[in-house]
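A.B. asks: Here it is: the structure, laid out below.
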Amino acid sequence: MAVWLFGGRLGLRGRLSACRLLCPRFQSRGPQGGEDGDRLQPSSTAAKIPKIYTKTGDKGFSSTFTGERRPKDDQVFEAVGTTDELSSAIGFAMELVTEKGHMFAEELQKIQCTLQDIGSALATPRSSAREAHLKHTAFQEGPVLELERWIDKYSSQLPPLKAFILPSGGKSSSALHFCRAVCRRAERRVVPLVQMGETDANVAKFLNRIQTTLDLHRILPFGWDVTQVKREMVPFKLRRGNPEDTR
């Protein structure tokens with residue numbers, strides 16, 4: 001699994017070494033035993049802290065997990081970056097949801113963890129990947145099926161929806177609205193890669209199911225209670241069809 005840092009790529013070993021930063025030890029006394037008030041002296045055994053910037057992306061190119069160099073605005077990096085943005089948005093929403101004590105905070109965190117795997121799969125375009133690369137970053141159908149089980153469970157707890165929902169409804173609900181919108185953009189970035197055969201179709205499926213899951217998580221606390229979300233509700237008759245329904 002690759003770790004992406006400022007336009008460069010660290011492999012698994014690099015990731016571990018980067019995470020094991022040792023703070024240098026300093027001597028507080030000079031060689032004569034007196035206080036050294038001018039400066040701190042590092043010990044001879046102190047580890048050298050590696051720089052976290054690599055300068056390898058300064059010319060507008062970055063590396064995939066396969067080692068291929070591509071422009072930073074390449075479709076692969078657009079998909080990877082938008083997926084990362086989605087994870088960040090979900091992390092923010094999760095903090096608000098946790099404050100409210102809602103039951104699905106752990107599920108949001110699990111989605112975040114799976115998005116890390118999504119990022120690895122996207123950063124391994126098949127056109128330049130070897131079998132060893134694909135073995136480490138393959139994205140299977142299991143996470144998609146798990147989301148579908150969640151959707152089925154929560155859908156059974158709600159009556160039929162008879163109105164559109166406008167993005168609002170409190171801090172946690174609004175944050176989940178935003179996550180859903182970012183997720184839709186992430187799916188739009190991934191679909192071309194699936195069509196080109198650069199990544200697995202399960203990646204796009206997972207992003208699509210996240211949208212439905214976020215919809216249900218956003219409304220479950222209200223239970224479609226019109227007295228709670230009336231200001232969000234827009235009658236179906238005001239619009240033809242539902243452009244937001246991609247399920």
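A.B. asks: So E131 passes all but one of these: (1) acidic (D, E); (2) open to solvent by 50 Å² or more (accessible area, probe 1.4 Å); (3) under 30 Å from E99 (Cβ atoms). Which condition number does it fail?
C.D. replies: Just one mismatch for E131, condition (3).
A.B. asks: For the range 114-151, name all the residues that are among the small types (G, A, S), under 16 Å from the mean Cα position of the chain (by Cα) and assigned to a helix (DSSP H, G or I).
C.D. replies: Step one: filter the range 114-151 for residues among the small types (G, A, S), giving 119-121, 123, 127-129, 132, 138, 142.
Among the residues that remain, those that are also under 16 Å from the mean Cα position of the chain (by Cα) are: 119-121, 123.
Correct list: G119, S120, A121.
A.B. asks: Right, another one. Mind listing whichever residues of the range 124-169 are in contact with a Gly (Cβ under 7 Å, 6 or more places away or on another chain) and within 16 Å of D200 (Cβ to Cβ)? Full working, then the answer.
C.D. replies: Initial filter on the range 124-169 (in contact with a Gly (Cβ under 7 Å, 6 or more places away or on another chain)): 126, 158.
Result: R126, single match.
A.B. asks: Take D245 and decide whether it is assigned to a helix (DSSP H, G or I), modelled with pLDDT under 95 and not small (G, A, S).
C.D. replies: On the way: assigned to a helix (DSSP H, G or I): no; modelled with pLDDT under 95: yes; not small (G, A, S): yes.
So D245 fails the test.
A.B. asks: Would a scan of the range 194-204 turn up a residue that is open to solvent by less than 10 Å² (accessible area, probe 1.4 Å), under 14 Å from A79 (Cα atoms), at pLDDT 95 or above and out of contact with any Phe, Trp or Tyr (no Cβ under 9 Å at 6 or more places or on another chain)?
C.D. replies: Looking for residues that are open to solvent by less than 10 Å² (accessible area, probe 1.4 Å), under 14 Å from A79 (Cα atoms), at pLDDT 95 or above and out of contact with any Phe, Trp or Tyr (no Cβ under 9 Å at 6 or more places or on another chain), one finds none in the range 194-204, hence no.
A.B. asks: Sort out which residues of the range 174-193 are open to solvent by 20 Å² or more (accessible area, probe 1.4 Å) and small (G, A, S), and write them in order of number. Give the steps one after another, and end with the answer.
C.D. replies: Step one: of the range 174-193, the residues open to solvent by 20 Å² or more (accessible area, probe 1.4 Å) are 174, 178, 180-181, 184-185, 187-189, 191-192.
Residues satisfying the conditions are S174, A181.
A.B. asks: So which of F65, F61 ends up being modelled with pLDDT of 90 or more and out of contact with any Pro (no Cβ under 7 Å at 6 or more places or on another chain)?
C.D. replies: On the way: F61 fails: out of contact with any Pro (no Cβ under 7 Å at 6 or more places or on another chain).
Going through F65, F61 in turn, just one is modelled with pLDDT of 90 or more and out of contact with any Pro (no Cβ under 7 Å at 6 or more places or on another chain): F65.
A.B. asks: Still on this structure: From (1) assigned to a helix (DSSP H, G or I); (2) at pLDDT below 50; (3) open to solvent by 30 Å² or more (accessible area, probe 1.4 Å), pick out the condition that doesn't hold for V229.
C.D. replies: (3)
A.B. asks: Within the group I219, I151, which residue is farther than 30 Å from A138 by Cα and β-branched (V, I, T)? So that I can check it myself, show each step before the final result.
C.D. replies: On the way: I151 fails: farther than 30 Å from A138 by Cα.
Exactly one residue qualifies, and that residue is I219.
A.B. asks: Output the qualifying pairs, or none if there are none: Cβ atoms under 8 angstrom, residues six or more apart or on different chains, first residue in the range 186-215 and in contact (Cβ under 8 Å) with a residue 60 or more places away in the chain, second residue of a type in the set (D, E) and open to solvent by 10 Å² or more (accessible area, probe 1.4 Å).
C.D. replies: Going by the 8 Å Cβ cut-off, the qualifying pairs are A186/E85; R189/E78; N202/E141; K205/E141; L207/E187; R209/E148; T213/E107.
A.B. asks: If you don't mind, another one. With surrounded by 21 or more Cβ atoms within 10 Å (Cβ to Cβ), farther than 21 Å from S62 by Cβ and among the β-branched types (V, I, T) as the only criterion, which of I111, I165, I118, I151 stands out?
C.D. replies: On the way: I165 fails: surrounded by 21 or more Cβ atoms within 10 Å (Cβ to Cβ); I118 fails: farther than 21 Å from S62 by Cβ; I151 fails: surrounded by 21 or more Cβ atoms within 10 Å (Cβ to Cβ).
Checking each option against the conditions leaves just I111.
A.B. asks: Part of a helix (DSSP H, G or I), basic (K, R) and at pLDDT 90 or above: is that true of R180 in this structure? Write out each step before concluding.
C.D. replies: Values: part of a helix (DSSP H, G or I): yes; basic (K, R): yes; at pLDDT 90 or above: yes.
Yes; evaluated as a whole, the condition is true for this residue.
A.B. asks: Further question on the same structure: Counting just the residues of the range 71-100 that are open to solvent by less than 60 Å² (accessible area, probe 1.4 Å) and not in a helix (DSSP H, G or I), which one comes out farthest from R185 (Cα to Cα)?
C.D. replies: From the range 71-100, those open to solvent by less than 60 Å² (accessible area, probe 1.4 Å) are 71, 74, 76-77, 79-83, 86-87, 89-91, 93-94, 96-97; that's our starting set.
If we keep only those that are not in a helix (DSSP H, G or I) too, we end up with 71, 74.
Working: P71: 20, D74: 16 Å.
So, considering only residues that are open to solvent by less than 60 Å² (accessible area, probe 1.4 Å) and not in a helix (DSSP H, G or I), the one farthest from R185 (Cα to Cα) is P71.
The values are calculated or read from the model by the stated rules, or taken from the named source; none is laboratory data. Treat the numbers as computed from the prediction; the structure is a model and nothing was measured. With ideal geometry, Cβ positions are generated from the backbone for all residues, glycine too; neighbour counts draw on all protein chains shown. Just so you know, the surface numbers come from the protein's heavy atoms only, side chains and all, with ligands and any DNA or RNA stripped out. Shrake-Rupley method; radii C 1.70, N 1.55, O 1.52, S 1.80 Å.
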